[in-house]
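Below: the structure, in structure tokens.
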Amino acid sequence: MRIQTERPGLAAQFIDLWLMQLSNWRWSWRAMMVTGIITPLMTVAALGAFASGRGQESLVYVLTGSILLSLMFENQNKVAQNFAYMKAMGTLDFLGTLPVRRYMVILATVLAFFTLSAPALLVTLILGSLILGVHLSVSWLVVLVIPLCVLSLAGIGAVIGIVTRSQEEASSLTLLVTMILLFFGPVIIPANRLPGWLLTIGHVSPTTYAASAIRQVLVGPVTGRIWLDLLVLLALTGITLWFSGSRMQWKAN
């Protein structure tokens, strides 16, 4: 008699993988406090001291840039390290033998780190706005912008984690990418204070569009530019998640 194993439904696959990642990383709350809260708030305090005499616009850029820094540390970098670790330890090979889809592994991992980073994001936003004296005017579009920022940045992290050869290499590369994305373009510093060549590079930097969208939905005003920002972030999410999934070796049908 032939026994046939059925693949669980997509919802069941996602929930199981999501809970697995949450359980694996529940011990990392100390590191998350440092990279997700303390480092961005120190950035807020330090840059805010220099920007305080340069107008409200500079303070808004410091706040939203620090929020983006928190998202990069807690999503892009952690996802990259996690995939590099799973690849080195054979976890991805093991998951590839199970009746689960590779894209469910990627999506569950990305959203698990988003769940873990949500408290740090909220604390950075509230305390950062109080430190800088920035008035928040939150738009309902925040429910689209923040998840898309997280997914696009985590997608970059997934690509790095899967294509690099070790966890150390992934960690070094993600740190380099974080610094490049943070300073190439009007992310922390307003566009009118940047040289032309940096603004040109900023047009191809995803953080330029992420920072623009975050500023609009958290401080305002929301303009037609928001739809360009969302389109770029959505395209980047699709490309990075597809590419990272296509590079994963998978034995399950």
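Could you calculate the contour length gain from Ala235 to Thr97, that is, 0.36 nm times the residue separation minus the distance between their Cα atoms, to one decimal place in nm? Before the final figure, lay out each step's value.
Working: separation 138, 0.36 × 138 = 49.68 nm, distance 3.00 nm.
Once the chain is fully extended between Ala235 and Thr97, it gains 46.7 nm.
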Taking R0 as 22 Å and r as the Cβ-Cβ distance between Leu175 and Met42, the FRET efficiency 1/(1 + (r/R0)^6), rounded to the nearest 0.05, comes to 0.85
Taking max minus min of the Cα coordinates of the range 163-207 on each principal axis, largest first, gives extents in Å of 40, 16, 13
Once the dipole of the range 149-248 is set up from charges on Cβ (+1 Lys and Arg, -1 Asp and Glu), the residue from the list Leu233, Gly155, Ala191 lying farthest towards its positive end is Ala191
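Calculate the dipole size of the chain relative to its Cα centre from +1 charges on Lys and Arg beta carbons and -1 charges on Asp and Glu beta carbons; express the result in debye to the nearest 20. Mind dumping the intermediate values first?
Values: 15 positive and 8 negative charges, 64 e Å.
Rounded to the nearest 20 debye, it is 300 debye.
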Dividing the alpha-carbon radius of gyration of the chain by 2.2 N^0.38 Å, where N counts its residues, gives 1.06
Out of Gly224, Gly96, Gly157, a Gaussian network model of the chain with alpha-carbon springs under 10 Å gives the largest mean-square fluctuation to Gly224
The value for the range 74-214 (convex hull of the alpha-carbon atoms, volume per residue, Å³) is 127
Comparing Tyr209, Tyr85, Tyr61 in a Gaussian network model of the chain (Cα, 10 Å), the one with the largest mean-square fluctuation is Tyr85
Filtering chymotrypsin sites (Phe, Trp or Tyr not before Pro) in the range 92-199 by DSSP loop and by at most 13 other Cβ atoms within 10 Å leaves Trp140
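Quick note: the coordinates plus some simple rules give every number you see, no bench work behind them. Fair warning: this is a prediction, and the values are worked out from it, not measured in the lab. Every residue, glycine as well, gets a Cβ built from its backbone with ideal geometry; the counts of neighbours run over all protein chains shown.
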